[in-house]
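One structure is given below, encoded as structure tokens.
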Amino acid sequence: MLRLLDVHLRGIGQVMFQNHPLSGLLFLAALVWGAAAADAWPVLAGGLLGLMAGTFTARWLQVDAANLGAGLYGYNALLVGLALPTFLEPSPLLWFYVLLGGAVSVVCTLGTAQVAGAFRVAALTFPFVLVTWLLLLATYGFAGLQGAALPYASQVAPVDPSATNLLDPAGFIGGVLQSISQVFLKGDALSALLLLAGLAVSSLPAAAWGLVGAMLAVVTAHALGAESDLVSAGLMGFSPVLTAIALGAVFHAADAPRARVIGYALLGTVFTVVVQGALNVLLTPFGIPTLTAPFVLVTWLFLLPRAPAAAGDDGS
């Protein structure tokens, strides 16, 4: 049971690249607090159910024991489980959907790793994005699943300039913290602090890059004229946070010279904000959220130029 608990905690930690049970425990505390603050217990239940479905599916498929023990088959399943109750109304069919999505995310992770490995890049959260997109799109064709929170829209309209007011200091801080908490689909400042603590106990550079990524995302989004409510809610910043951690503290952590790595990570983080805006527009007619697709696309783009000898599969 302790081993199983360790695997599940590491799976939670791997959402932000941390292979550490204490990181996972602090991340779990952030999820519990976020659920309590927003009275969103079905979201927490869905995340844990998806995590367990992913872990047990991986054991059933007899995946690599080291990767399983590191939680690399749980984090995508966890995110699928968090996303589905966020956008769909609770029902018996929803829980079936969560179990299905958690299990299929493992198959998708295995397949993505095979393809991505040929290019010396990791699977990242692509399995979460693909499986969740397909499950959400399918709800438009099934009467048994409904989602009042899904972003129904049939046309793209330019952003109203009046919606791009400058944030005051409190709004800026709130946007930074919620950019971090939205990685786990939470909009809560205390959850963000718990997530930063979870990063710090495993990797101080990862915590620093997560904070820098959130700050840079807020500044960039406002400079480009993004809608202020989106920025302050963290909805323009969660993918840049992951990009900053990935490029600055994970995949290029040992590269030199360090100044070039820092510049490279900052460049990728800024571009992720642009891609976030692009996908917000692109996906609006389909009625599905971007999830972490901007992070996946930009991180893959910035990892592809690496020399093969320097490339490694961190699995996250």
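Bear in mind these aren't lab numbers, they're just calculated from the coordinates by the rules spelled out. Keep in mind that this is a model prediction, so the values were computed, not measured. Counting neighbours? That spans all protein chains shown, and the Cβs are built from the backbone with ideal geometry, glycine included.
Computed values, structure above
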{"quantity": "Qualifying residues in region 278-292 (those that are of a type in the set (Val, Ile, Thr) and not in a helix (DSSP H, G or I)) - the one surrounded by the fewest Cβ atoms within 10 Å (Cβ to Cβ)", "calculated": "ILE288"}
{"quantity": "Complete set of residues in region 120-145 that are loosely packed, with under 13 Cβ neighbours inside 10 Å and among the hydrophobic types (A, V, I, L, M, F, W, C)", "calculated": "ALA138, PHE142, ALA143"}
{"quantity": "Sole exception among (1) among the polar types (S, T, N, Q); (2) in contact with a Gly (Cβ under 7 Å, 6 or more places away or on another chain); (3) crowded, with 21+ Cβ neighbours inside 10 Å for ASN19, by number", "calculated": "(3)"}
{"quantity": "Counted residues, region 40-94 - those being within 17 Å of the chain's Cα centre (by Cα) and on the phi > 0 side of the Ramachandran plot", "calculated": "1"}
{"quantity": "Qualifying positions in region 84-119 - closer than 23 Å to ASN19 by Cβ and either in contact with a strand residue (DSSP E or B) (Cβ under 6 Å, 6 or more places away or on another chain) or surrounded by 17 or more Cβ atoms within 10 Å (Cβ to Cβ) (or both)", "calculated": "GLY102, ALA103, SER105, VAL106, CYS108, THR109, LEU110, THR112, ALA113, ALA116"}
{"quantity": "Any hit, region 174-184, residues being part of a helix (DSSP H, G or I) and surrounded by fewer than 21 Cβ atoms within 10 Å (Cβ to Cβ)", "calculated": "yes"}
{"quantity": "Some residue of region 213-236 being closer than 17 Å to VAL15 by Cβ and surrounded by fewer than 23 Cβ atoms within 10 Å (Cβ to Cβ)", "calculated": "no"}
{"quantity": "Test: residue in region 86-95 that is out of contact with any Ser or Thr (no Cβ under 7 Å at 6 or more places or on another chain), of a type in the set (Phe, Trp, Tyr) and farther than 14 Å from LYS186 by Cα", "calculated": "yes"}
{"quantity": "Boolean, PRO205 is under 23 Å from PRO21 (Cα atoms) and assigned to a helix (DSSP H, G or I)", "calculated": "yes"}
{"quantity": "Out of SER191, SER203, SER179, sole residue that is more than 26 Å from ALA83 (Cα to Cα) and hydroxyl-bearing (Ser, Thr, Tyr)", "calculated": "SER203"}
{"quantity": "Among (1) in a loop (DSSP other than H, G, I, E, B); (2) over 18 Å from the mean Cα position of the chain (by Cα) - the single one GLY234 does not satisfy", "calculated": "(2)"}
{"quantity": "Residue within region 74-90 that is outside any helix (DSSP H, G or I) and over 26 Å from GLY287 (Cβ atoms) present", "calculated": "yes"}
{"quantity": "In region 237-277, residue surrounded by the most Cβ atoms within 10 Å (Cβ to Cβ) [restricted to those that are without any contact (Cβ under 8 Å) to a residue 40 or more places away in the chain, of a type outside the set (A, V, I, L, M, F, W, C) and part of a helix (DSSP H, G or I)]", "calculated": "GLY268"}
{"quantity": "Residue within region 216-230 that is closer than 28 Å to ASN19 by Cβ, of a type in the set (A, V, I, L, M) and outside any loop (DSSP other than H, G, I, E, B) present", "calculated": "yes"}
{"quantity": "Boolean, ALA58 is of a type in the set (A, V, I, L, M, F, W, C) and either farther than 25 Å from ALA207 by Cα or surrounded by fewer than 17 Cβ atoms within 10 Å (Cβ to Cβ) (or both)", "calculated": "yes"}
